[in-house]
Structure formats: C-alpha cells, structure tokens
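The structure appears below as structure tokens.
Nothing in this text is a laboratory measurement; each read-out follows from the coordinates by a stated rule. Fair warning: this is a prediction, and the values are worked out from it, not measured in the lab. Note that we place each Cβ from the backbone using ideal geometry, even for glycine, and neighbour counts take in every protein chain shown.
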Amino acid sequence: MKIIKSSEKENQWVSISGLFSILMMIFLFLSIAYMGNIILKQKKITVIAQTYEETQKGISHDLKKEFTQNLRVWNAVLDSLTLSIRFEDPEILFQVGSAELNQHFKNILDNFFPRFIQILTDPKYKNEIEEIRIEGHTSSEWSGENSPYQAYFNNMELSQDRTHNVLIYILSKIKDEKLFNWTKSKLTANGLSSSKLIYNLDQTENKERSRRVEFKIKTNAEKQINKILKQSSK
C-alpha cells in the first residue's frame, strides 16, 4: 500500500485549485465576450432605430411640405405613420370595373410622381428606401355578383390590373436611365382587393373611400435589424 505524503497531497491540491482558477478565468472571459457581443448588438439596433425614426420624420416632413397644397385638390391624404399618400376619389382614378387609368388621374400622376421620386432619391434618404409600394384597394362589392367570395376574387384581379397599369404608366414617363433603374428596383404593384377596407365611425364599410390607390414607402430598417440578429446567432 502506497502512502501519500502530505507534501504530495498539497501539490495535488495546488494543481487542482490551479485548474479551477484557469477554468474560472476562461468562463469569465467567455462571459465578458458574450456580454460585449450583446451590448454591441443592442447598440447597432439602437442606431438603426434612431436612423429609422429620423428617416421617417424627415420623409414625412418633406412630403408634407411638398404636397400640402395639392392633397386637397387631388382628394388625397398623407399618412405620416405609414409614409403613404392615399388617392381616395374613385371617380378620378378609374371607371367602375375598369383597370384603365382616367385621364384626370394620369394628369395627377404626371404632377405627383416626379416630385415624389425626387424626395426619395435625395442622398439623405436614397439608401434607406427598401420598397415603394403601389397598393390598389377596392370595396367589397362587385356589380351583379351576390357571392362575397367571387366578388373578392373579381376585385383582386381588378386591383392587380389597376396597380400594374399605374406602375407601367409612371415608369414610362421616366427618361433618365439611372433614375429609371433605381425606381424600377424599388417599385412594386400590389392588388389587395377588399382585404383592407375603410370603415365609417359606426363600423359600416365606407365603399367610396375603400376604392383607392396608395403609394407607400417602406424603409430597410427591419431588414438591417434582421441581418444583425442573424449574424449574432452564428
């Protein structure tokens, strides 16, 4: 039987305690690195959120300054929260059941869209724009159709055709190649049928206001935040 001397026991204890110390130091460094990564990620997200808020306020301010005198004449509304300009007079936009743009609406677009794009291509906003959505909306009814399901599908086709024609018309007016390519890369046509109706105060459908075309601006803040979260999860 081997007898372990006290000095050997002390050496073993020193070795074990030293190992624990090293492990604790490694754990501490890993914890600091992890917390540092979390703090860095939070700072990046905060910067993006601040940039988003500044961009949102700036675009809203510039749109309001540019179009305030026109909105009432066009029967249009600026929504600062969603960065959208909504054209609400269905008689100006299209004939009932038709996807062909009325001449009056073409005249409005000729005035509106070049000024609208000029704001968005300003260097302080240009790189923050993710998408410019043309949204077509209808009421829930369809002439001669009693089935709400069929009315919805008929209106879906109509709203898609309308936004498609709006997109073609405004792009055809851009002669500068660089501006055309930038606008083309951001502009989308979205027919939404009666999925987003506008209601009166008594919660009944406002059929006139539901028939509308909206130009909605989407910034890339959400995309940047998702990119940071994806990188930090690796």
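Worth a mention:
- Residue pairs, from the table 64/178; 186/216; 124/186, whose Cα atoms sit over 20 Å apart: 64/178
- Taking trypsin sites (Lys or Arg not before Pro) across the stretch 93-174, the ones in a DSSP loop with at most 13 further Cβ atoms lying within 10 angstrom of their Cβ are 173.
- Share of Cα-Cα pairs in the stretch 52-226 lying beyond 20 Å, as whole percent: 54
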